[in-house]
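Worksheet: one structure, shown below.
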Amino acid sequence: MPKIFPLIFLVVLFSGCASPPKLYKVESVYVCAAEECGQAAQHYGAEQMLVGLQRLLAANDGLELKICESDPKSRTCISKSACHFVQGGPFPGMGCMNSLTVTAPLLDNTEKRIRFQTNQNMTFLGVSLAVQAHGGTIAIPSVDEIAWVDESYYSNWLGVGNMTNTFSVAIESVDFDRGIIGGYWTHTNAGTGTGSGSGYGVLVLPKAMPRSENWLTAPEKK
């Protein structure tokens with residue numbers, strides 16, 4: 001099974017741009033809410049999932065969301081971070097995405113999506129990259145079609161490794177009770193180094209939905 005999340009490439013000068021991400025086709029989305037789990041389409045509609053996900057992200061606004069490798073059966077972390085081998089110019093090594101943040105998640109009911117600002121904590125050879133904050137969306141045209149797509153963004157390693165990156169997740173599961181989002185990710189980057197990677201992983205959010213609530217069925221408390 002491939003390692004998860006971005007390939008981080010380095011050194012020399014920036015050139016080129018990253019190609020658009022391709023989303024994995026998810027047959028059905030699995031959801032857990034209010035201690036009930038099952039196929040989302042059997043319990044909820046797209047608008048309910050849209051509102052529920054926005055409230056989950058809003059509860060974690062600005063907090064560190066852990067990223068780890070997983071599989072679609074356990075949907076739990078099997079690593080401390082998400083790493084991949086990188087050949088960046090003359091420097092081979094492991095590039096890792098350790099976490100990300102989401103801020104200001106806003107509902108766009110007309111377009112059936114959530115818009116937000118995001119940023120990643122990434123390292124190469126244990127050294128942090130400078131990563132540009134950028135926009136992202138979660139689009140929900142149907143309950144079984146939930147796509148997380150970041151805008152193309154810039155990253156830099158030690159002032160010499162310049163890259164553009166794309167990142168997307170075809171969301172396969174949402175556990176509101178535990179605060180876990182799982183799905184099939186795709187990442188590409190171009191510039192000093194080029195490459196792409198894909199796999200299955202989970203985002204672990206610090207704050208889950210309270211046990212006494214169900215954000216997918218009940219209106220938000222004022």
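Which length gain, in nm to one decimal place, applies between Q42 and A133 when the Cα-Cα distance is subtracted from 0.36 nm times their residue separation?
29.1 nm
Farthest towards the positive end of the charge dipole of the range 97-211, among the residues Y200, H187, F124, is the Cα of F124, using unit charges on the Cβ of Lys, Arg, Asp and Glu.
Of the beta bridges DSSP finds with both residues in the range 30-204, what % are antiparallel, to the nearest 5?
95 percent
For a Förster distance of 30 Å, can you work out the FRET efficiency between the beta-carbons of S79 and Y154, rounded to the nearest 0.05? After rounding to 0.05, the efficiency reads 0.70.
For T103 and T217, a Förster radius of 30 Å and the Cβ-Cβ distance give a FRET efficiency of 0.70, rounded to the nearest 0.05.
The charge dipole of the range 30-204, taken about its Cα centre with unit charges on the Cβ of Lys, Arg, Asp and Glu (plus for the first two, minus for the last two), comes to roughly 400 debye. Protection proxy ranking of 123-135, 166-178, by the mean of other Cβ atoms within 10 Å over each peptide's residues and highest first, is 166-178, 123-135. For R211, R113, the sequence from fewest to most other C-beta atoms within 10 Å is R211, R113.
Net charge in the neighbourhood of M209 (other residues with Cβ under 10 Å of its Cβ; Lys, Arg +1, Asp, Glu -1) is +1. With point charges of +1 on the Cβ of Lys and Arg and -1 on the Cβ of Asp and Glu, referenced to the Cα centre of the range 30-204, which listed residue (P105, V160, A133) lies farthest in the positive direction of the dipole? The one lying farthest along the dipole's positive direction is V160.
We did not get these values from a lab; they are worked out from the coordinates using the rules stated. Please read all numbers here as calculations on a predicted model, not as lab measurements. Glycine gets a Cβ as well: all are built from the backbone with ideal geometry, and neighbour counts include every protein chain shown.
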